Amino acid sequence: MAVPGKVAAFRLPPLPTVGEIIKLFRLRAQKQLSQNFLLDLRLTDKIVRQAGELKNAHVCEVGPGPGGITRSILSADVAQLLLVEKDARFIPGLQMLSEAAPGKVHIVHGDILTYKMEKAFPKQLKKNWEDEPPNIHIIGNLPFSVSTPLIIRWLENVSNRDGPFTYGRTQMTLTFQKEVAERLTAKTGGKQRSRLSIMSQHLCTVENCFIIPGQAFVPQPEVDVAVVHFTPLVQPKIQQPFVLVEKIVRSVFQFRRKYCCRGIEILFPESERLKKTEQLMMAADVEPTLRPIQLSMSHFRNLCNAYRKMCDEDPSLFAYNYREELRQKKKLPKNTSHSEQIDEENQL
């Protein structure tokens, strides 16, 4: 964390303000890309402080836009700053920042969803997974449209220890819609408990740091924004492959208002659905009438372990997709009545 009153070792030279950069390059937030600019450098400084001590760190900023957070990162005296920006309109303004911090900034015009993060930092920064996190940080004010798929992608990277986590337990400080942040951090029984809660918390320590009111952004979004900090765990709470855990969790929360056994049922073909569901629930020692939000991490661990054992015994089981079976059932003979077809769908 930055020490109050301490003089930074690095200072940016006088530059146009972020607002002036926006006017100079005629930048406008594109609604279809869910872009919102943060112009208040006090808030961008506060976001960057959540990442911890950044002096001599290597940082990747995701979607820097007009460069508000970028300035705060550079002012923290980082060793290197990698900027990954998809929108070409922002590149000239970022180049101005790069020239103001010679040798510190590398700009990539590309999509963070496809960028190869495992080659982004020097090899000597790598640490063993069991060690303290490497001096590498990911920071970003994420567009709402990309935030959820991106964090799921990175959580899978955490599970596989690849991508930006090739270097060890790389920390992330990211913005999300307030509602998404509440899902990421929701505890057992909480109304916002969801797939995101389980997938993030079984792999990381997740902290909802603070809320930024929507009016702080330009243009003002209809929702408030939360800053969330992630530190990968040395040992995940569920010792199973990411795809298996996600399949279980996604199935359970498919019917979040029903008993948890309803979601478990769709893991199995109709011909053996009831028998297999009962078998799994008993092996996992999970009460079938619990609601999805009532399931603890240990419940999900038991479900994943029991399902893995069933898949090992029947390798075809994991490939089963209930939606595909539902599509096949829709291909009924022409003389099948509409009511009969609805009954068939309801059975699934």
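The values are calculated or read from the model by the stated rules, or taken from the named source; none is laboratory data. Note that the structure is a prediction, hence the values are computed from the model and not measured. Glycine gets a Cβ as well: all are built from the backbone with ideal geometry, and neighbour counts include every protein chain shown. Just so you know, the surface numbers come from the protein's heavy atoms only, side chains and all, with ligands and any DNA or RNA stripped out. Shrake-Rupley method; radii C 1.70, N 1.55, O 1.52, S 1.80 Å.
Is the shape of the stretch 141-229 rounded, prolate or oblate, going by the alpha carbon gyration tensor and its root eigenvalues a ≥ b ≥ c, with a/c under 1.5 for rounded and a/b larger than b/c for prolate?
Details: a/c = 2.17, a/b = 1.41, b/c = 1.54.
The shape class here is oblate.
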Report in % the part of the accessible area of the stretch 18-232 that belongs to carbon and sulfur, leaving out ligands and nucleic acids; probe 1.4 Å.
-> 48
In deg cm²/dmol, rounded to the nearest 500, the helical mean residue ellipticity at 222 nm of the chain, built from -39500 (n - 2.57) for every DSSP H run of length 4 or more, is -11000 deg cm²/dmol
Label the stretch 100-168 by shape, choosing from rounded, prolate and oblate, from the square roots a ≥ b ≥ c of the eigenvalues of the Cα gyration tensor; if a/c is under 1.5 it is rounded, and otherwise prolate applies when a/b is larger than b/c, oblate when it is not.
-> oblate
Antiparallel DSSP beta bridges within the chain, as percent of all bridges there, nearest 5 = 45
For the stretch 140-195 and the stretch 37-80, what is the separation of their Cα centres, given in Å?
-> 19
Using distinct alpha-carbon pairs, which all enter the 1/r mean, Kirkwood radius of the stretch 242-331 in Å = 13.1
Given H placed on each backbone N at 1.01 Å, which residues far from Cys60 in sequence or on other chains put an amide H within less than 5 Å of it?
-> Leu82, His137, Ile138, Ile139
Distance check, please: which entries in Lys86/Lys116; Lys86/Lys119; Lys127/Lys187; Lys86/Lys126; Lys126/Lys309; Lys86/Lys191 exceed 23 angstrom between their Cα atoms?
-> Lys127/Lys187; Lys86/Lys126; Lys126/Lys309; Lys86/Lys191
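Tell me, what % of the accessible area of the stretch 242-331 is carbon and sulfur with a 1.4 angstrom probe?
Details: 2390 of 4830 Å².
Whole-percent figure for carbon plus sulfur exposure: 49.
Defining a contact as two alpha carbons under 8 Å apart and six or more residues distant in sequence, what relative contact order in percent does the stretch 151-196 show?
Values: 22 pairs, mean separation 8.9, N = 46.
So the answer I get is 19 percent.
Please work out the average accessible area per residue across the stretch 242-331, using the 1.4 Å probe convention, and give it in Å².
Using a 1.4 Å probe on heavy atoms only, each residue of the stretch 242-331 averages 54 Å².
Arrange the peptides 162-175, 308-321, 281-294 so that the one whose residues have, on average, the most other Cβ atoms within 10 Å appears first.
Working: 162-175: 22.3, 308-321: 12.6, 281-294: 16.3.
Going by the mean number of other Cβ atoms within 10 Å, highest first, we get 162-175, 281-294, 308-321.
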Where does helix 273-284 land angle-wise versus the long Cα axis of the chain, in degrees 0 to 90, nearest 10?
-> 60
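Using R₀ = 25 Å, calculate the FRET efficiency as 1/(1 + (r/R₀)^6) where r is the Cβ-Cβ separation of Phe10 and Gln95; round to 0.05. Don't skip to the answer; put the middle values down first.
Working: r = 19 Å, r/R0 = 0.74.
Working from the Cβ atoms, E equals 0.85.
Rank by packing, highest mean first: peptides 255-262, 44-51, with packing defined as the count of other Cβ atoms within 10 Å averaged across residues. Before the final figure, lay out the partial values.
Working: 255-262: 16.6, 44-51: 20.5.
The densest-packed peptide leads the list: 44-51, 255-262.
Report the calculated FRET efficiency for Leu41 and Ala88 (r = Cβ-Cβ distance, R0 = 35 Å), to the nearest 0.05. Please list the in-between numbers first.
Working: r = 25 Å, r/R0 = 0.70.
E between Leu41 and Ala88, to the nearest 0.05, is 0.90.
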According to the square roots a ≥ b ≥ c of the eigenvalues of the Cα gyration tensor, what is the shape class of the stretch 18-232, taking rounded for a/c under 1.5, prolate for a/b larger than b/c otherwise, and oblate for the remainder?
-> oblate
So for the pair Asn321, Gln239, with labels modelled 7 Å out along Cα→Cβ, what separation do we get in nm?
-> 3.2
